[in-house]
Each structure stands twice: as structure tokens, then as C-alpha cells.
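The values are calculated or read from the model by the stated rules, or taken from the named source; none is laboratory data. This one's a predicted model, so the numbers in the text were calculated from it and none came from an experiment. Cβ atoms come from the backbone with ideal geometry, glycine included; neighbour counts cover every protein chain shown. Protein only, heavy atoms only, side chains kept; ligands, DNA and RNA dropped before computing areas. Shrake-Rupley method; radii C 1.70, N 1.55, O 1.52, S 1.80 Å.
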Amino acid sequence: QKKALIIGAGIAGIATAIRLAVKGFEVVVFEANDYAGGKLTSISKDGYRFDAGPSLFTMPQYVDELFTLAGKNPRDYFNYQKLDVVCQYFYEDGTRLTAYADEQKLANEVADKTDEPATALFKFASNSGRIYRITNHVFLERSLHRLKTYLRVDTLKSILRLLQIDALRTMHQANRSFFKDKRMVQYFDRYATYNGSNPYLAPATLNVIPHLEQHYGAWFTEGGMQAITDSLVKLAESMGVNFNYNSPVQEIIVEGRCAKGLRIKDDVIAGDLVISNMDVWFTYQKLLSKYPQLKPLRILQQERSSSALIFYWGISKQFSQLDLHNIFFSADYEAEFKHIWQEKNIGSDPTIYLNISSKYKSDDAPAGHENWFVMINVPHNTGQDWDMLINEARRNIQQKLSRLLGEDIKSLITSESILDPRSIEGKTSSYQGSLYGNSSNTQFAAFLRHSNRSAKIKNLYFCGGSVHPGGGIPLALLSAKIVADWV
Ligand code: FAD
């Protein structure tokens with residue numbers, strides 16, 4: 001039996017472990033933290049529970065597939081329900097928009113609340129769907145670094161249709177051509193932030209993202225996002241995968257350009273395959289530091305995605321106008337992105353994402369209270385004065401939410417924890433605290449992510465949000481599929 005060694009128990013590391021166990025490998029996972037899940041974890045404080053990282057669950061079929069592959073019924077492990085209302089949007093001009101999952105209902109809402117006809121939404125949705133159909137099999141589900149991919153008829157067909165993926169203009173330019181009402185342009189520009197990019201630079205190909213949310217739906221897992229990690233670890237363990245916690249890998253042992261094992265503290269563990277779920281930047285920097293000549297410099301020098309600042313607030317009141325997902329838009333979106341990407345700081349009016357899991361899982365907060373996950377997009381960490389920025393952001397966020405909700409929010413906060421780019425980097429070894437590996441702020445960046453297999457070191461593979469096909473739970477899960485197929 002061949003032995004696979006996996007560095008990191010993030011969602012992609014766990015998914016790779018399951019897929020390789022299905023293939024008959026002995027699988028051993030080494031995780032630096034004392035818990036699994038990486039970014040997909042939770043925190044509890046003062047009677048509140050919060051999903052610490054991801055809060056929006058899309059494409060649940062990729063999680064289900066892991067159970068099915070292992071011959072298990074996913075519903076015996078975890079359950080989820082489709083959201084009828086995906087998100088509540090609040091604009092500074094007083095507009096309130098409910099994003100219904102049902103396309104017709106959403107179109108009616110848009111026609112009712114904005115100056116946009118329902119047909120504009122349908123036209124946009126049809127374009128997003130087309131981009132998805134062209135890109136899905138080729139760019140998302142397969143390696144771009146494998147000759148086999150290009151020998152397939154569907155790949156060749158997709159390549160011939162490349163002009164239709166709208167890569168030659170920015171998302172913002174495309175959205176302005178679809179919508180006249182600037183509220184709808186802002187609504188669709190926001191999807192660039194789903195992979196940590198800037199809509200004023202990222203190619204309009206990223207307009208595929210709303211298709212994943214609108215067409216395939218947004219879901220709530222019973223037990224919160226944490227249930228995804230817990231159920232997958234349970235499945236992996238039932239298949240004999242061996243998880244070792246508090247085990248930071250220090251080196252990938254390479255002999256004759258072939259990965260032979262790992263060094264953890266003073267131990268050397270031998271294996272036939274090594275799969276790194278650690279951010280690819282740090283994998284080269286820390287685990288392969290003896291081999292600087294093997295570094296893929298062009299890829300490692302690419303711009304990183306944005307990061308996030310999150311306040312986890314316990315709130316001593318319930319708000320009936322709020323839902324599970326809520327967005328409070330900034331008045332000037334372009335200025336907000338200038339702050340993040342050019343000035344590398346935080347503007348005074350950031351767009352606020354507010355997630356309240358206690359809306360669906362009441363034991364996440366004490367009776368009469370809510371657990372607020374309050375997140376803004378911020379630049380990746382380049383040594384900013386975060387303590388100062390956090391204090392300013394807290395004040396601005398409290399003022400904006402108080403104004404738009406008509407309540408003094410500060411006086412309702414009974415508990416606070418914070419996650420910022422420094423702690424994201426510290427807790428999950430994500431270079432510069434970026435959430436999604438590299439940004440997709442150039443035409444080709446999305447296609448130039450690091451391969452899922454090393455071109456220079458035999459038996460070394462990569463999975464996770466920092467490599468192909470990209471960040472976010474669905475893509476991180478697809479990276480595991482690509483690795484397992486390649487192996
Ligand atoms: P990670 O979760 O980063 O896991 C890597 C693991 O490797 C960690 O456990 C780390 O400790 C371990 N590790 C690193 N180095 C070593 C070492 N040397 N030895 C041993 N172990 C090591 N995605 C969505 O789909 N929806 C969302 O709503 C969403 N929101 C997000 C909000 C936040 C605040 C954050 C932080 C992320 C969000 N994402 C979201 C992105 C999503 O969380 C990630 O893309 C995904 O979880 C990445 O998984 P991963 O397996 O690649 O890596």
C-alpha cells in the first residue's frame with residue numbers, strides 16, 4: 001500500500017485525504033493547529049458561537065460527492081437547506097433590496113426597487129450561465145497544466161469559445177453595459193470580492209460567480225459551517241485516515257528531485273507522495289527553502305488577494321429586518337477599492353458584510369441575542385498599522401450600522417473577538433493573510449495559478465485555495481479532485 005503524506009487539514013487537505021483513501025492509499029495528515037479545518041473553523045465566547053471564516057455555502061454537491069465516493073450517504077453525516085432569501089442589501093440612499101433565490105422573484109424585486117427592468121437581470125444571468133458552461137469543465141474541474149486536458153474534445157470546444165468568456169474587459173465595464181442603475185452595477189461588482197479581487201481590474205469572466213450563487217443556490221448547514229469540517233473529518237477517520245494535530249511540518253524531504261517524506265520537529269516521516277495544503281508561497285519559502293532554484297518565481301510574485309477584518313460581536317438584541325446574510329454598501333465603491341488596492345488601507349466607509357447564523361441556528365446566541373459576524377474587505381498585510389486601522393474601522397462600522405438600522409449598535413455589544421490579516425496569516429499560514437491565494441486582478445491571473453503538481457519535484461502535489469483552480473470552498477474542493485485524478 002502506498003503512503004500519502006498531507007501537509008495541512010484545511011478543507012482541501014481533508015478532501016484530498018478522503019479521495020486518496022478511496023483510491024487505496026494509506027493517508028496521514030499533519031496539521032500545525034490543534035484542530036482541523038484551517039479557515040473553516042468556529043470560535044465560541046461569552047455564550048455565542050461564530051463560524052470563524054467562511055459563512056456562505058455554495059455548491060454543496062462537491063461536499064456530498066466525497067461521501068458518495070466513499071460509499072456513504074451524505075445525509076447520515078450532515079444536512080443543509082436552501083435559502084429562499086440569499087441576502088439583504090442596504091444602500092446608503094435608503095434602498096433596501098431582498099435577493100431572493102427565485103430568479104423571477106429577484107427580477108421583480110429589482111424592477112420594483114431600482115430603475116432596472118427585470119429583463120436586464122435575465123440577460124445578465126444568461127451571460128453568467130454561458131461563462132460557467134464554457135469554463136467549468138476546462139478551467140475549474142481539470143488541471144490546466146496537463147497535456148491530457150487539452151486533448152479532450154470539450155476542452156478544444158471551450159478554447160474555441162474563449163472570446164465568449166468576456167476576458168477582455170473588466171467586471172465593472174461589463175456590469176455597466178448590462179445595467180444602467182448604479183445600484184445594480186455595485187450589486188454585481190461585489191462578486192469580485194468572492195475571490196478577493198477588484199471589480200475595476202478583474203476580468204469580466206468573474207461574472208461567472210453570481211451564477212454559482214443565484215443558479216445553484218446558497219445553503220445553510222445544520223450545525224453551521226463548522227459541520228462541513230466536522231463531518232468530513234469524521235468520514236476521513238472512518239476510512240482510516242490518520243490525523244496528527246500540533247504537527248507543523250518543517251521540511252519536505254527531497255532526494256534526487258523526488259519528494260520522499262517530511263520533517264516534523266526531529267522526526268522524518270517517509271512516504272510515497274507528498275501533498276501540500278499549506279499556502280503554496282509558504283510551502284516554497286519554508287518547507288523547500290533548501291531548493292531556491294526550484295521556486296516558480298513568476299507565480300510566487302503575483303499579487304495576493306485581499307484579506308478581511310472581522311469583528312465577532314455578541315449583540316443583546318434581535319433585528320427582524322436582518323437575515324442570515326446582509327450587505328451594507330459603501331456610498332462610493334470605486335473609492336473603497338482604491339483604498340484597498342492602491343493606498344493599501346481602509347476607507348472611512350467600507351462595505352459591511354453582516355452574517356448572523358443565530359437566525360437559523362438559535363443556540364448560536366443566548367435567548368433574545370444575536371451573534372454578529374461583521375466583516376469588511378481590507379488589503380493583504382504589508383505591515384500596515386493594523387491596531388490603528390482596526391480602531392478606526394470599528395468606529396466607522398458602528399456609526400454606519402447605527403445609522404442604517406436606527407439603533408445605537410455600540411451599546412448593544414456584549415462580547416468582541418477580532419480576526420485581522422495578521423491573525424489570518426498566523427493561524428493558517430496564508431501569506432500576507434490573503435483569503436484566496438492570488439488575486440484575479442489581471443486578465444490571466446485566474447489562469448496562472450500554481451499547478452496542482454510540481455513540475456520540478458516528482459511526487460509533490462498541491463491542493464487548496466492558493467493553487468489552481470482557486471480560493472473559496474468549492475474551488476478548494478475541486479483542487480482535491482484534480483490532485484486525486486492526477487495521482
Ligand atoms: P486553509 O483553510 O488555509 O488550511 C490550510 C491548513 O494547513 C491550515 O489548517 C494550516 O494550519 C495548515 N498548515 C499550514 N502550514 C502547515 C505546516 N507547515 N504544517 C502543518 N499544517 C500546516 N470561502 C467560501 O467558499 N465562502 C465564504 O463565505 C468564505 N468566506 C471567507 C471568510 C474568511 C474570513 C476567510 C478567512 C475565508 C473565507 N473563504 C470563503 C475562503 C475559504 O475559507 C478558503 O478558500 C478555504 O477554506 C481554503 O481552504 P484550504 O484547504 O485551501 O486552506
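Quick one: which residues, 5+ away or cross-chain, put their amide H under 5 Å from the amide H of Gly261? H built at 1.01 Å from N.
Ile253, Gly271
What does the helix-only formula give at 222 nm for the chain: each DSSP H stretch with n ≥ 4 adding -39500 (n - 2.57), the total divided by the residues, and the result rounded to the nearest 500 deg cm²/dmol? Before the final figure, lay out each step's value.
Values: 15 runs with 149 residues, N = 487.
Rounded to the nearest 500, it is -9000 deg cm²/dmol.
Give the Rg (one decimal place) followed by the Dmax (whole number) of the chain, computed from C-alpha coordinates and expressed in Å.
Over the chain's Cα set, Rg and Dmax evaluate to 22.0, 66 Å.
How large is the accessible surface per residue of the chain, computed with a 1.4 Å probe and reported in Å² as a whole number?
Result: 39 Å² per residue.
Expressed as an acute angle from 0 to 90° and rounded to the nearest 10, what is the orientation of the C-alpha long axis of helix 473-486 relative to the principal long axis of the chain?
Helix 473-486 sits roughly 20 degrees off the main axis of the chain.
May I ask you to evaluate 6.51 cos²θ - 1.76 cosθ + 1.60, the Karplus curve with θ = phi - 60°, for each residue of the range 375-385 and list the ³J(HN,Hα) values in order in whole Hz, giving x for glycine and proline?
With coefficients 6.51, -1.76 and 1.60, one gets 10, 10, 7, 9, x, 5, 6, 10, x, 4, 7 Hz.
Quote the charge dipole size of the chain about the Cα centre in Debye, to the nearest 20; the model charges only the Cβ of Lys and Arg (+1) and of Asp and Glu (-1).
Here the chain has a charge dipole of around 1960 debye.
Note down the nm distance, to one decimal, between modelled labels 7 Å out along Cα→Cβ at Gln164 and at Asp332.
Modelled inter-label distance: 4.0 nm.
What percentage of the solvent-accessible surface of the chain, computed with a 1.4 Å probe over protein heavy atoms, is contributed by carbon and sulfur atoms?
With neighbouring chains kept in place, the figure for the chain is 50 percent.
Suppose every Lys and Arg Cβ carries +1 and every Asp and Glu Cβ carries -1, with no other charges. What dipole size does the range 188-252 come out with about its Cα centre, to the nearest 20 debye?
120 debye
What pairs from Lys39/Lys481; Lys2/Lys481; Lys39/Lys400; Lys45/Lys317; Lys286/Lys344; Lys182/Lys338 go past 24 Å between their alpha carbons?
Correct reply: Lys39/Lys400; Lys286/Lys344.
With unit charges on the beta carbon (Lys/Arg positive, Asp/Glu negative), name the residue among Gln88, Ser451, Ile264 whose Cα is farthest towards the positive pole of the charge dipole of the chain.
Ser451
Would you kindly derive the ³J(HN,Hα) couplings of the range 243-251 from the backbone phi angles with the Karplus curve 6.51 cos²θ - 1.76 cosθ + 1.60 (θ = phi - 60°), listing them in order in whole Hz, with x for Gly and Pro?
9, 10, 8, 6, 10, x, 6, 9, 7
Quick one: what are the phi-derived ³J(HN,Hα) couplings along the range 217-224, Karplus 6.51/-1.76/1.60 with θ = phi - 60°, whole Hz, x for glycine and proline?
Once rounded to whole Hz, the list reads x, 10, 10, 10, 8, 4, x, x.
What residues qualify as long-range amide H neighbours of Ile6, i.e. H under 5 Å apart, gap of 5 or more or another chain, H built at 1.01 Å from N?
Counting only residues 5 or more places away or on other chains, the set is Val28, Val29, Phe30, Ile275.
Is the range 381-470 rounded, prolate or oblate when judged by the Cα gyration tensor, a ≥ b ≥ c being the square roots of its eigenvalues, rounded requiring a/c under 1.5 and prolate requiring a/b larger than b/c?
Prolate.
Enumerate the aspartates and glutamates that Lys234 could reach by cross-link, defined here as Cα to Cα under 13 Å, with residues fewer than 8 away along the same chain left out.
Output for Lys234: Asp76.
Let me spell out the model: positive unit charges on the Cβ of Lys and Arg, negative unit charges on the Cβ of Asp and Glu, origin at the Cα centre of the range 395-487. What dipole size does that give, in debye rounded to 20?
Numbers: 11 positive and 6 negative charges, 66 e Å.
About 320 debye.
Roughly how far apart, in whole Å, are the Cα centres of the range 434-487 and the range 359-405?
After rounding, the separation between the Cα centres reads 30 Å.
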